[in-house]
């Protein structure tokens, strides 16, 4: 492959970032971290037995909180209009954790949709998604894949001076243009389109099934309400959080790669990307809502966690058993 890198768009100077972007991002990171940490605490300490759905949700919560070590550095960098004063290694670490965080959320949300479809539609059948060993193996495979995707950043990503300011993961790093372009294009389908397509298919089949279910029995009505809530939260997360940031990033790297002279285009897309990046991290706040809707036992356990922290009580709440729920 050959790329158009002969034009050095040095006149396209990075803009000062709007102060509201790092401010909102910091609030979302704090709220997402608190909710994810409370969810992980609830899963780990308040359930002695997990069902397969809980295993997937625990891994989703891990993917949400994994960005925490470098989140403050990212907020500081945004506050300094993308100046990165933390060195190359932390830049590489941030890129790796961002990749694991974003794509981990996408893959585990997709796994939630597949699991939900099988546990409701094929309730009476011997589905592999009722087998804990199988589900644990799938989650482990996803983590290995995410690690493989993230590790290359430690070998090929570099910080660079842009108008005498050190930047990390900036669209204005001319020597990184081809890398950013290839990375975005390669990840567009396996990282967004395919998971979203699988989720839409699973939730469409699930929605069709529950519409035909009899709602006369209390359990049938509960399954309908719970499933519709999970479908709504998952699709809102995909459409509102995952799609805009990845599409705006892809558009920006295309402009940078093939139309470097279109500075105004690039700056507008850059602004959109940072706005959508803030929106993408809202998924850390939406995912706990997914856990809440999935299980009444999680609701009770989570309330117990909140109560124990509120009262500053060292004694843990009652340990609950996770019966299979649909």
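FYI, it's all coordinate maths here, none of it is from the lab. These figures come from a predicted structure and were not determined experimentally. When we count neighbours, we look across all protein chains shown, and the Cβ atoms used for this are built from the backbone with ideal geometry, even at glycine.
Estimated from helices alone, the mean residue ellipticity of the chain at 222 nm is -22500 deg cm²/dmol (sum of -39500 (n - 2.57) over DSSP H runs with n ≥ 4, per residue). The Cα center of the range 246-309 and the Cα center of the range 23-40 differ in position by 12 Å.
Can you sort 17, 102 by how many other beta carbons sit within 10 Å, fewest first?
Lowest to highest Cβ neighbour count: 17, 102.
Residues of the range 58-88 with backbone nitrogen within less than 17 Å of a virtual label 7 Å along the Cα-to-Cβ line of residue 136, please, listed as ranges. Within reach of a label on residue 136, which here means backbone N under 17 Å from a point 7 Å along Cα→Cβ, the range 58-88 contributes 58-60.
As a rough guide to protection, the peptides 59-69, 125-135 ranked by mean Cβ packing within 10 Å, highest first, stand as 59-69, 125-135.
Helix 296-310 and the long axis of the chain differ in direction by around 70°, with both axes built from C-alpha atoms.
From least to most packed, judged by other beta carbons within 10 angstrom and beginning with the fewest, 258, 45, 181, 24 follow the order 258, 45, 24, 181. Between residue 212 and residue 239, the simple label model (points 7 Å from Cα in the Cβ direction) yields a spacing of 2.4 nm.
Given Cα pairs under 8 Å that are at least 6 residues apart, what percent is the relative contact order of the chain?
On the way: 386 pairs, mean separation 94.4, N = 326.
The normalised contact order for the chain reaches 29 percent.
Fully extending the segment from residue 268 to residue 80 would add 65.8 nm, taking 0.36 nm per residue of separation and subtracting the current Cα-Cα distance.
Quick check on the exposure proxy: order 99, 137, 308 from fewest to most C-beta atoms within 10 angstrom.
Ranked by crowding around the Cβ, least crowded first: 137, 308, 99.
Stretched out fully, how many nm does the piece from residue 37 to residue 259 gain, at 0.36 nm a residue minus the Cα gap?
Working it through step by step, the gained length comes to 75.6 nm.
How high is the FRET efficiency from residue 88 to residue 303, r the C-beta distance, R0 30 Å, rounded to 0.05? Between residue 88 and residue 303 the formula returns 0.10. Treating r as the C-beta distance of residue 30 and residue 222 and R0 as 30 Å, the FRET efficiency rounds to 0.35.
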